[in-house]
1. Could you figure out which of (1) part of a loop (DSSP other than H, G, I, E, B); (2) under 23 Å from Pro163 (Cβ atoms) isn't true of Gln45?
2. Taking the stated definitions as given, is Ala361 among the small types (Gly, Ala, Ser) and touching a residue at least 12 places away in the same chain (Cβ under 8 Å)?
3. Between a first residue in segment 2-17 that is farther than 12 Å from Ser402 by Cβ and hydrophobic (A, V, I, L, M, F, W, C) and a second residue that is assigned to a helix (DSSP H, G or I) and modelled with pLDDT of 95 or more, which pairs have beta carbons less than 6 Å apart while being 6 or more apart in sequence or on different chains?
4. Just checking, which of Ile100, Ile95 is under 30 Å from Lys195 (Cβ atoms), among the β-branched types (Val, Ile, Thr), at pLDDT 95 or above and in contact with a Leu (Cβ under 8 Å, 6 or more places away or on another chain)?
5. Cβ-Cβ below 6 Å, separation at least six or inter-chain, first residue in segment 144-162 and part of a loop (DSSP other than H, G, I, E, B), second not hydrophobic (A, V, I, L, M, F, W, C): which pairs?
6. Quick one: how many residues across segment 387-415 are part of a helix (DSSP H, G or I) and either of a type in the set (A, V, I, L, M) or at pLDDT below 95 (or both)?
7. Applying the selection to segment 375-415, what residues are surrounded by fewer than 23 Cβ atoms within 10 Å (Cβ to Cβ), under 19 Å from Glu4 (Cβ atoms) and in contact (Cβ under 8 Å) with a residue 40 or more places away in the chain?
8. Does Gly72 satisfy the criteria of being more than 18 Å from Thr196 (Cα to Cα), among the small types (Gly, Ala, Ser) and outside any loop (DSSP other than H, G, I, E, B)?
Amino acid sequence: MRSELLSRLRLIAVEMLEACSVSPDAVIKDRANTTGEWLLMPDGQAAYPAFWPRDSAMALGADLVGADRVEGWIKVCASTQPGQDGIHLANGLFIPPFSIPDHITLDRQSCWFPGAYEGEDQGDGTYGFLTPADNGYFFIQIIAEHASLTKSPYLMNTIMETPWGKAPLSEISEKAFNSVEVEDDVVICSPEQGKTRVDWGFCDSIRKTGLCVMPTLLRWRAAKDLSSLFRQLGDTSRADGYECIAASIQHRIPEVFFEQRDDGTGILISATGIGHKEDIWAQAYAVWLGLLPEDMEMKLCRRLSQHAADPGVVFQGQVRHLPAGEFWEQSPLRRGIFQNGPYWATPSGWFIYAVSKADPALADKVLLDFVENIENQREKGAPWEYVNPELGYYVNPLYCASATLPYCALKQAVDWLCNDA
């Protein structure tokens, strides 16, 4: 059943990619794609008329996008990386040196903050004074996926154009990795006025402070990717260095973020300051990554199985960020809107995989509901970016990551596929 449902989900993912792809010279909302590359928008309605490295990375890892297009994405990202002085913007906003943009317009203008579309004025600090913490890590993921597609890390030795000069991609990627502030290898979001930042893009309307789990998981993956890339290049010193960073993160995540519940299950908190709440998406992603001790992982899986049976957490296979009835402490948006209450398909693949480790039958039911409901509502616009049936919200149709990431996550879960009934 799993293989058959995954094949059906792949058809939807391919349709989303076709709807969201932008050819060279194509014009979207009066703006031409002048990059010379095929780009990917987050949605097929051009509600987000730009290229998001984060969303594009979520289409990789399986068999959906070819290496040539991925190489183009890497070149576009590299061409926007600022140099050692960073960038000062209006209203006290600052782009740390060697950061990667949140998104890039079709004519290659850097957009550093949620809702911004180029220029000096990119916000007032509502969405942080520093650019989101995850962009560089997703950039590295894209590079690693290119190496996987081509079965070679040759692109790391390729000289690319950046605003700070020409450099090999290996140097560009290392600088991107180090552009985010950490404390003992754990990503930190400062509470200090003028230094706040979004922890990652799918919580970009949520304020968090302290050590943050999701960008730390992304940092672990990026360190593992860089270690693998450098090892393939024969640079064992750099490879070992990044492997040490990954090992440090792997040790720190349970120390900082894991909490045991009275019923014997466990959770990961989203942040140690503001945002100290159970993070369902991060729990599912951590299990999917496989970086936690087995006993701790199973405690998370049993907790996620509880959520999978709760209609206040899962609706038609789509998943809230937080447990039923809970909301983030600080957000400029009211409850029930965007990332503060609705159900999302983005993490569904991670979630289904994690639940399957504790309750395979329940996970299969969630997958069946997920695929069938998208199929049955395709003419209405599914898959959406997010939904909240209580408010009648079905927002942003033809959302690419709502199909591509669940498909790619499950396609890569070899142990899950091998247990197909």
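1. (2)
2. no
3. Here the result reads Leu5/Leu367; Leu5/Val371; Leu6/Leu410, each pair linking segment 2-17 to a residue that is assigned to a helix (DSSP H, G or I) and modelled with pLDDT of 95 or more.
4. From the options Ile100, Ile95, the qualifying one is Ile95.
5. Taking only residues 6 or more apart or on different chains, the pairs are Pro153/Gln232.
6. Within segment 387-415, residues that are part of a helix (DSSP H, G or I) and either of a type in the set (A, V, I, L, M) or at pLDDT below 95 (or both) number 7.
7. Matches in segment 375-415: Glu375, Arg378, Lys411, Gln412, Ala413.
8. Criteria met by Gly72.
The values are calculated or read from the model by the stated rules, or taken from the named source; none is laboratory data. These numbers come from a predicted model, not from an experiment. In this analysis, Cβ positions are derived from the backbone assuming ideal geometry, glycine residues included, and neighbour counts consider all displayed protein chains.
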